[in-house]
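**Student:** Next up is a structure, given as C-alpha cells.
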C-alpha cells in the first residue's frame, strides 16, 4: 500500500512521471519499456511496480494530472452571466492561458508522438466542463444547442491553447488579449443563442 506522505515514494513517483514525459518526447508510448522508464528515473522496477501496474497506468496518471489542471482553469470566475463584464472575461482568459502554460512542457512531450488521442481526451474534458458551466452559468436545461455550442467552444479553445503552447513567438500576454477578445464575442453569441 502506498504511503502518500512518504517523501521517498513521492520523489520516486515524480521521477517516474518526469522520465516518461521525457521519453515520450523521443518515442511513442508503445515503444517505451518499463525498463526505459526506470533507467531514466534512476529507480528499480520494483519501485515502478510499487506505484503502477503498467506503463499505461503511469501515462494515465500523467494525463489525469494534466486534465485536472485544465479543468481547474475552466472553472468560471463569476457565478452567473449577469455578473460578466470585459474585465472578468480578461481575468478568465488569463487564468486559462496560465493554466495551459503551466503544463505546456508536459503537453508538448505528451503530444509529440500522440496519434490524436490525447487531444481528443483534452477536448472531451473541456467539452464536459464547458457544457456544465453553460448550464449553471445561464441557469438553463440541457439541450442540443448547449451540446453544439459546448462542442464548438471546447474544440476552439483546445486548438487555440495547443497553438499557443507550440508557438514560441506567442507570449502569455498576447494569448490572453486575443483569447479575451474571442471570448467576449463568444459570450455575446452564446447569450444570443441561448436566451
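**Student:** Of the residues 120, 11, 172, which exhibits the maximal mean-square fluctuation in a Gaussian network model of the chain defined by a 10 Å Cα contact cut-off?
**Tutor:** Of 120, 11, 172, the Gaussian network model singles out 11 as fluctuating most.
**Student:** A further question follows. Please give the helix 117-138 orientation as an angle from the longest Cα principal axis of the chain, in degrees from 0 to 90, rounded to the nearest 10.
**Tutor:** Value to nearest ten degrees: 40.
**Student:** Now, a different point. Based on the Cα gyration tensor of the range 1-111, what are the three equivalent ellipsoid semi-axes, each the root of five times an eigenvalue, rounded to whole Å and given largest first? Spell out each step's value before the answer.
**Tutor:** On the way: eigenvalues 244, 51, 21 Å².
The answer is 35, 16, 10 Å, longest axis first.
**Student:** Any idea what angle helix 86-102 forms with the longest principal axis of the chain, computed on alpha-carbon atoms, 0 to 90 degrees, nearest 10?
**Tutor:** It works out to around 10 degrees.
**Student:** If R₀ is 35 angstrom, what is the calculated FRET efficiency for the pair residue 138 and residue 11, using the beta carbon separation as r and rounding to 0.05? Provide the component values of the computation, followed by the final result.
**Tutor:** Working: r = 45 Å, r/R0 = 1.30.
So, using R0 = 35 Å, E works out to roughly 0.15.
**Student:** Can you give the angle from 0 to 90° between the axis of helix 7-24 and the longest principal axis of the chain, with both taken from C-alpha atoms, to the nearest 10?
**Tutor:** Here the helix axis deviates by roughly 80 degrees.
**Student:** How high is the relative contact order of the range 25-100, in percent, counting Cα pairs under 8 Å that sit 6 or more residues apart?
**Tutor:** On the way: 26 pairs, mean separation 18.4, N = 76.
RCO, the range 25-100: 24 percent.
**Student:** Hey, another quick one. Could you state the per residue volume, in Å³, of the convex hull enclosing the Cα atoms of the chain? Intermediate results must be reported in sequence, preceding the final value.
**Tutor:** Working: hull volume 27.5 nm³, N = 195.
Residue-normalised Cα hull volume stands at 141 Å³.
**Student:** Computed FRET efficiency, Cβ-Cβ of residue 192 and residue 68, R0 22 Å: what is it to the nearest 0.05? Walk me through the numbers before you get to the answer.
**Tutor:** Working: r = 33 Å, r/R0 = 1.48.
Once the sixth-power term is evaluated, E becomes 0.10.
**Student:** In nm, give the distance between the simple-model label positions of residue 61 and residue 169, each being 7 Å from the Cα along the Cα-to-Cβ direction.
**Tutor:** Using points 7 Å along Cα→Cβ, the separation is 4.0 nm.
**Student:** Looking only at 106, 57, 168, which one moves most when the chain is put into a Gaussian network model with springs between Cα atoms under 10 Å?
**Tutor:** Highest fluctuation of the listed residues: 168.
**Student:** Now, a different point. If each residue's Cβ is checked for other Cβ atoms within 10 Å, how do 148, 7 rank with the fewest at the top? Spell out each step's value before the answer.
**Tutor:** Values: 148 11, 7 8.
The most exposed by this proxy come first: 7, 148.
**Student:** Then there is this: Pairs of alpha-carbon atoms within less than 8 angstrom and 6+ residues apart define the contacts here; what relative contact order does the chain have, in percent?
**Tutor:** Working: 162 pairs, mean separation 44.5, N = 195.
Over the chain, the number comes to 23 percent.
**Student:** Another question, if that's okay. Arranged by the count of other C-beta atoms within 10 angstrom, fewest first, what order do 52, 92, 152 take? Could the numbers behind the result be given before it?
**Tutor:** Values: 52 19, 92 22, 152 15.
Sorted ascending by nearby Cβ count, the order is 152, 52, 92.
**Student:** Now, a different point. Quick one: 30, 121, fewest Cβ neighbours within 10 Å first, how do they rank? Can you show the working numbers first?
**Tutor:** Working: 30 9, 121 16.
By the 10 Å Cβ count, ascending, the order reads 30, 121.
**Student:** Another one. Under a 10 Å cutoff between Cα atoms, tell me which one of 81, 184, 119 has the largest fluctuation in the Gaussian network model of the chain.
**Tutor:** Result: 81 has the largest fluctuation of those listed.
**Student:** Sorted from largest down, give the three principal axis spans of the alpha carbons of the range 89-195, whole angstrom values.
**Tutor:** Principal-axis extents of the Cα atoms in the range 89-195, largest first: 40, 29, 16 Å.
**Student:** Taking the alpha carbon gyration tensor of the range 7-53, what are the square roots of 5 times its eigenvalues, largest first, to the nearest whole Å? Present the calculation step by step, with values, prior to reporting the outcome.
**Tutor:** Values: eigenvalues 62, 24, 13 Å².
They are 18, 11, 8 Å, listed largest first.
Read the figures in this text as sums done on the coordinates, not as results from a lab. Please read these numbers as outputs of a predicted model, since none were measured by experiment. When we count neighbours, we look across all protein chains shown, and the Cβ atoms used for this are built from the backbone with ideal geometry, even at glycine.
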